[in-house]
1. Which condition number does residue 46 fail, the rest of (1) touching a residue at least 12 places away in the same chain (Cβ under 8 Å); (2) not in a strand (DSSP E or B) being met?
2. Testing residue 118 on (1) assigned to a helix (DSSP H, G or I); (2) at pLDDT below 80; (3) over 20 Å from residue 37 (Cα atoms); (4) in contact with a strand residue (DSSP E or B) (Cβ under 8 Å, 6 or more places away or on another chain), one condition comes back false. Which one is that?
3. From (1) modelled with pLDDT under 90; (2) on the phi < 0 side of the Ramachandran plot, pick out the condition that doesn't hold for residue 147.
4. Taking region 30-42 only, how many residues are surrounded by fewer than 19 Cβ atoms within 10 Å (Cβ to Cβ) and in a helix (DSSP H, G or I)?
5. Quick one: is residue 170 modelled with pLDDT of 90 or more, surrounded by 14 or more Cβ atoms within 10 Å (Cβ to Cβ) and out of contact with any helix residue (DSSP H, G or I) (no Cβ under 8 Å at 6 or more places or on another chain)?
6. Just the residues that are surrounded by 13 or more Cβ atoms within 10 Å (Cβ to Cβ) and part of a loop (DSSP other than H, G, I, E, B), please, taken from region 215-229.
7. Looking at residue 79, is it more than 30 Å from residue 199 (Cα to Cα), surrounded by 19 or more Cβ atoms within 10 Å (Cβ to Cβ) and modelled with pLDDT of 85 or more?
């Protein structure tokens, strides 16, 4: 039985597909290639790839729409291929749930490293410690063992990347985690300088968790330094310390 991860590469340019296929096969992947959305969907249904690499600029169905079609069938990590310098494409792709993006023209070896990094973090199913982190005066509960998040009792639907980021911050509640620490832990060491990732995904989490995302109480930013998840225990300890200092004056 073949155990190599299966990569579905989709691009309307045969030359690019050949480059992707050749490099990823050398790096130990099985590679399926498609030049249209229809072909990609058929291959995905038949072979159930572990990850997809999708070009944004397809002639029939664009990369965003194809990503949605593929994920309607089953969860699938996706890396988008974007035009060099198209920052809006990158941000939109992340906001729509892409796991990563690579700008064209790309280094084939770098693409392989990105594929491995995404597979590494999306296949990490190690059980978390039995712990529930409560924040925003009891309104938000993060269960690290069950991997669930509730706001005012209602289950919050998080994407895989949103959960991985929240999990890391919650497991270190009360600590300021440096931006490059967060990037390395959640995305992998290859991403320690990709600060745009944090801006996009922190924004997404705040939209789902914070009562007022513009004035966050749960995920705090230390400008130029890092992030901290402020749990109720941490907030209470800070209030007690402040009260103690005031009383001693």
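The values are calculated or read from the model by the stated rules, or taken from the named source; none is laboratory data. These figures come from a predicted structure and were not determined experimentally. Reconstructed Cβ throughout: ideal geometry from the backbone, glycine too, with neighbour counts over all protein chains shown.
1. (1)
2. Unmet for residue 118, out of (1) assigned to a helix (DSSP H, G or I); (2) at pLDDT below 80; (3) over 20 Å from residue 37 (Cα atoms); (4) in contact with a strand residue (DSSP E or B) (Cβ under 8 Å, 6 or more places away or on another chain): (2).
3. That leaves (2) as the condition not met.
4. 3
5. On the way: modelled with pLDDT of 90 or more: yes; surrounded by 14 or more Cβ atoms within 10 Å (Cβ to Cβ): yes; out of contact with any helix residue (DSSP H, G or I) (no Cβ under 8 Å at 6 or more places or on another chain): yes.
Yes.
6. Of all residues in region 215-229, those surrounded by 13 or more Cβ atoms within 10 Å (Cβ to Cβ) come to 216-221, 226-229.
Selection gives 216, 217, 218.
7. Working: more than 30 Å from residue 199 (Cα to Cα): no; surrounded by 19 or more Cβ atoms within 10 Å (Cβ to Cβ): yes; modelled with pLDDT of 85 or more: yes.
So residue 79 fails the test.
So that you can scan it fast, the table gives a plain yes or no per residue for (1) on the phi > 0 side of the Ramachandran plot; (2) touching a residue at least 24 places away in the same chain (Cβ under 8 Å); (3) more than 20 Å from the chain's Cα centre (by Cα):
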residue	(1), (2), (3)
9	no, yes, no
42	no, no, yes
63	no, yes, no
66	no, yes, no
77	no, yes, no
81	no, yes, no
103	no, no, no
